[in-house]
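We did not get these values from a lab; they are worked out from the coordinates using the rules stated. Everything numeric in this text was worked out from a predicted model, so none of it was measured. Glycine also receives a Cβ, built like all others from the backbone with ideal geometry; neighbour counts cover every protein chain displayed.
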């Protein structure tokens, strides 16, 4: 018996830029249902980005997302009593989710500054191809390349 069809909900667009990706990022930042705090963190970070780079914060953010988004990831699969790390290609929605997760994780680990400053500096670094979130992406990609021999186990 088939399950009920899952309908895609309409995306949340952020109030200022009317961008779905920024709206998704706001929802990732939000903790405990405090969306207004998450929105203020994002917009404060975008203001800091504008001050530091003198560029449009939306283009800097999109470039950072592009630089952090992975193309390959590994998943564990058990085959005949042994666990193999099998490389898989990452699909569109998951690319953005992983990129947002990694940028937030790195920003939250930084100490001694407000969240907006930490997030702004991480976005700026990621947009220029530096930063710990980009290192995380490269590390995952390196692991996938190293385990390419097990790709035939993917079905």
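Can you find, within the stretch 25-39, the residue that is surrounded by the fewest Cβ atoms within 10 Å (Cβ to Cβ) among those that are in contact with a helix residue (DSSP H, G or I) (Cβ under 9 Å, 6 or more places away or on another chain) and free of Cβ contacts under 8 Å to residues at least 24 places away in the same chain?
Initially, the stretch 25-39 is screened for residues in contact with a helix residue (DSSP H, G or I) (Cβ under 9 Å, 6 or more places away or on another chain), giving 25-31, 35, 37-39.
This time we only want the ones that are free of Cβ contacts under 8 Å to residues at least 24 places away in the same chain, so: 26-27, 30-31, 35, 37-38.
Numbers: 26: 21, 27: 14, 30: 16, 31: 9, 35: 14, 37: 14, 38: 18.
Filtering the stretch 25-39 for residues that are in contact with a helix residue (DSSP H, G or I) (Cβ under 9 Å, 6 or more places away or on another chain) and free of Cβ contacts under 8 Å to residues at least 24 places away in the same chain, the one surrounded by the fewest Cβ atoms within 10 Å (Cβ to Cβ) comes out as 31.
For residue 63, state whether it is in a helix (DSSP H, G or I) and either in contact (Cβ under 8 Å) with a residue 12 or more places away in the chain or more than 23 Å from residue 146 (Cα to Cα) (or both). Before the answer, list the steps.
Values: in a helix (DSSP H, G or I): yes; either in contact (Cβ under 8 Å) with a residue 12 or more places away in the chain or more than 23 Å from residue 146 (Cα to Cα) (or both): yes.
Taking the combined requirement at face value, the residue satisfies it.
Which one of these does residue 22 not meet: (1) surrounded by 14 or more Cβ atoms within 10 Å (Cβ to Cβ); (2) in contact with a helix residue (DSSP H, G or I) (Cβ under 6 Å, 6 or more places away or on another chain)?
(2)
Looking only at the stretch 66-94, which residues are over 12 Å from the mean Cα position of the chain (by Cα) and touching a residue at least 40 places away in the same chain (Cβ under 8 Å)?
Correct list: 71, 72, 73, 74, 77, 79, 84, 85, 86, 87, 88.
Do any helices (runs of 4 or more DSSP H) lying entirely in the stretch 80-154 carry at least 3 residues that are over 17 Å from residue 49 (Cα atoms), and which ones are they?
Result: 92-109, 132-146.
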